[in-house]
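The values are calculated or read from the model by the stated rules, or taken from the named source; none is laboratory data. The structure presented is a predicted model; accordingly, all values stated were derived computationally and were not measured. Every residue, glycine as well, gets a Cβ built from its backbone with ideal geometry; the counts of neighbours run over all protein chains shown. All accessible areas refer to the heavy atoms of the entire protein, side chains included, with ligands and DNA or RNA removed. Shrake-Rupley method; radii C 1.70, N 1.55, O 1.52, S 1.80 Å.
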Amino acid sequence: MALPLSHLTLPLLAAAVCLSSCATVKRLTPDLPKIPMPSLPKFSTLKKVTRILPGMPDHDKVNDEDPQMPFNARGTLGYGHSLRVHVYEGTRSTKRVYNGVVMVDAKGVVDFGDKIGRTQIGGAQLPKAVEAIAATFRVGLRLNRPLTVHILSVEDVPVVSITGDVIKDEFIPAWDGMTIQQAVTVAGGRKLGSTNRGVYVIREGNRRFYSSLEAATEKTEPEPGDIIHLSPDF
């Protein structure tokens, strides 16, 4: 049975109007260029932690009962995660006040000894864990000078941190051939709209200033435990 003419023409007219409108929009809207995403490195070859002092363990284990746990630098810390920690007092004539490997216990706590105290970091990401550790050292050792906490590795995964004028403070794995520019890119870069360029690379509590990421990338290569601090002022 043949359909009335109106039943055939209405869908055809609607399709024609859609095609005409789409063509008009395409003519009026230029093709936007495709912006390539930065190629991120493959973490196949991690850097080695070279700043292990005599008498300290070669691996991130506090004893034979310390389990080997999976670790994600952007994840949260939990039972069995072992951290290699260096703590420095001061900014110019720095003094190391702690060097050791500590493990998160079943209650989410790491123990730095009776003189310093215990810190609750279970369930926290590394940037928050650093803040909590710093607070414990300030109170326990009654320190007045600035304090710098370096996390060199967790579960034998070497890490660097990116802080300051960034979208979010981050820890990322340190790989062979890493550059300052790559580390900042992986962390997401500066805050949106920021016009600052200055960079500090903090190693063993000592701060070195560079006028730009390019200058820092040219002059130095990140090492495990380094803090790449993007200046919020320059």
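What to note about this one:
- Taking all protein chains into account, the per residue accessible area for the range 60-123 stands at 52 Å² (1.4 Å probe).
- Judged by the mean number of other Cβ atoms found within 10 Å, the most tightly packed of the peptides 156-163, 108-115 leads the ranking 156-163, 108-115.
- Where N is the number of residues in the range 159-233, Cα Rg divided by 2.2 N^0.38 Å: 0.96
- Accessible surface, the range 153-199, averaged per residue in Å² (probe 1.4 Å): 37
- Order by protection proxy (mean Cβ within 10 Å, highest first), peptides 96-102, 206-212: 96-102, 206-212
- The range 108-234 - percent of accessible surface contributed by carbon and sulfur, probe 1.4 Å: 48
- Q68-T195 FRET efficiency (beta carbon distance; Förster radius 45 Å; 0.05 resolution): 0.50
- Over all orientations, the range 90-234 has a Cα convex hull whose mean projected area works out to 9.1 square nanometres.
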